[in-house]
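Throughout, read-outs are computed from the coordinates displayed, never taken from laboratory work. Owing to the predicted nature of the structure, the values given are computational and were not obtained by experimental measurement. Cβ coordinates were reconstructed from backbone atoms using ideal geometry, including for glycine residues, and neighbour counts include every protein chain displayed.
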Amino acid sequence: MSELTATQIQEQTDALRRLEIELDTVLRQSKEAAQPVVLDQQSVGRLSRIDAIQQQKMVEANRRRQNLRLKKVRAALSAIDAGEYGLCLRCEEVIGWRRLQAQPECTVCLECQSHLEIRRSQP
Ligand SMILES: [Zn+2]
């Protein structure tokens, strides 16, 4: 069981639900922009074609990040339901309240996060 009070849990639930709606909306809006670029070769110059492709790549990268965050938000909401919210998935230590406030969807403590990042950056 986490050490958060009912008020804190409620606060995080609200924040997570807001994030879920926000991300869901953004993802739906950007869906069209992520479609493959179809441009009229006659009327569009080479440079604007490159621009459009780069723009699309950026939209895609953003969408990937937002999708991942949305998954984390949903996972955090289920963790709240299960009464396991606020505990690190890796070491089962309590995640700091400040960290949870800054990032309601986080599921690992700061220390484990840095371990994970080190491992990910290794070949
Ligand atoms: Zn941990």
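In percent, what relative contact order does the chain have, based on Cα pairs under 8 Å that are 6 or more apart in sequence? Don't skip to the answer; put the middle values down first.
Values: 99 pairs, mean separation 38.3, N = 123.
Dividing the mean separation by the residue count of the chain yields 31 percent.
If I model a spin label at GLN35 and ASP81 as a point 7 Å from the Cα along the Cα→Cβ vector, what separation in nanometres do I get?
Result for the modelled spin labels: 3.4 nm.
Largest first and in whole Å, give the semi-axes of the chain's equivalent ellipsoid, each being the square root of 5 times a Cα gyration tensor eigenvalue.
On the way: eigenvalues 291, 65, 17 Å².
Square roots of five times the eigenvalues give 38, 18, 9 Å.
So, with +1 on the Cβ of K and R and -1 on the Cβ of D and E, and no other charges, what is the size of the charge dipole of the stretch 6-121 about its Cα centre, to the nearest 20 debye?
Details: 19 positive and 16 negative charges, 101 e Å.
Result for the stretch 6-121 is approximately 480 debye, rounded to the nearest 20.
Let me have the 222 nm mean residue ellipticity of the chain computed from DSSP H runs of 4+ only, each contributing -39500 (n - 2.57), with the sum over all residues rounded to the nearest 500.
Numbers: 4 runs with 79 residues, N = 123.
Taking each H run of at least 4 residues, the total per residue is -22000 deg cm²/dmol.
Starting with the fewest neighbours, write out SER30, SER78, SER121 ranked by other beta-carbon atoms found within 10 Å of each beta-carbon.
Working: SER30 14, SER78 10, SER121 7.
Neighbour counts put them in this order, fewest first: SER121, SER78, SER30.
With label points built 7 Å along Cα→Cβ from the Cα atoms of THR25 and SER114, find their separation and express it in nm.
About 3.7 nm, to one decimal.
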